[in-house]
Amino acid sequence: MTAQTIAPVRRAVRLRPLALSDAPRVRRWMADAGLIRFTVVVPGPEHGPLAPYTTAEADQYLDTLVNDRSRRSFAIELHGTHVGNIGIKEWQPGAASAECFIEIGEADARGHGVGASALRQLLVIAFTELGLDEVRLGVFAFNAQAIALYRKLGFVDRGRYGWHWADGRYHEINAMSLERWRFR
């Protein structure tokens, strides 16, 4: 990513519905152990170590993102290129709250505001179109960059829950949430 593409990132990030035709990129991303280390919960060593997804596992994951009725999943596009996925899960019509998720699959799109821009757009959808009062998320305690972003967007800490096994040890999961009235 060049300095020229970084500057207008906020305007260049768009969300569109995720589709099964997005499989080639999702397969590549889910085969990246570095990416799944930050996105896939591994509750303990008996379930690990983290292994890259097979093609079939990545396709099943994408099918869940696209077809699970309790999800609203979007492709994150930067300058028209699919660079990640974002969405709401555990959602039901009329529900007051749901959980969000985000994964930036393209390494060169990380750290330049793409996730922040995509998350702002998702929160507008969550609070206006879906009518949610609160959006929750879980973030691994070692992911300081993501925690800082969520706090900047107005998410507040709600304690810790569960464990994630990575790098030969357990890490706690931070619970965070954002209420509609706090959204900036």
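Every number here is computed from the coordinates shown, using simple stated rules; none is lab data. Just so it is clear, the structure is predicted and the values come from calculations on it, not from any experiment. Here Cβ is always computed from backbone atoms with ideal geometry, including for glycine, and neighbour counts include all displayed protein chains.
Between Gln145 and Ala23, the distance separating the two model label sites (each 7 Å from Cα on the Cα→Cβ line) works out to 3.1 nm. Here the label points at Thr54 and Arg69, each 7 Å from Cα along the C-beta direction, are separated by 3.0 nm in the simple model.
Is region 28-184 rounded, prolate or oblate when judged by the Cα gyration tensor, a ≥ b ≥ c being the square roots of its eigenvalues, rounded requiring a/c under 1.5 and prolate requiring a/b larger than b/c?
On the way: a/c = 1.45, a/b = 1.24, b/c = 1.17.
Taking the square roots of the gyration eigenvalues as a ≥ b ≥ c, region 28-184 is rounded.
Peptides 19-26, 175-182 ranked from most to least packed, by the mean per-residue count of other Cβ atoms within 10 Å: 175-182, 19-26.
In deg cm²/dmol, rounded to 500, what helix-only [θ] at 222 nm does the chain give when every DSSP H run of at least 4 residues adds -39500 (n - 2.57) and the total is split over its residues?
Taking each H run of at least 4 residues, the total per residue is -8000 deg cm²/dmol.
Remark: spin-label model distance Ala31-Arg182 equals 4.1 nm, labels positioned 7 Å along the Cα→Cβ axis.
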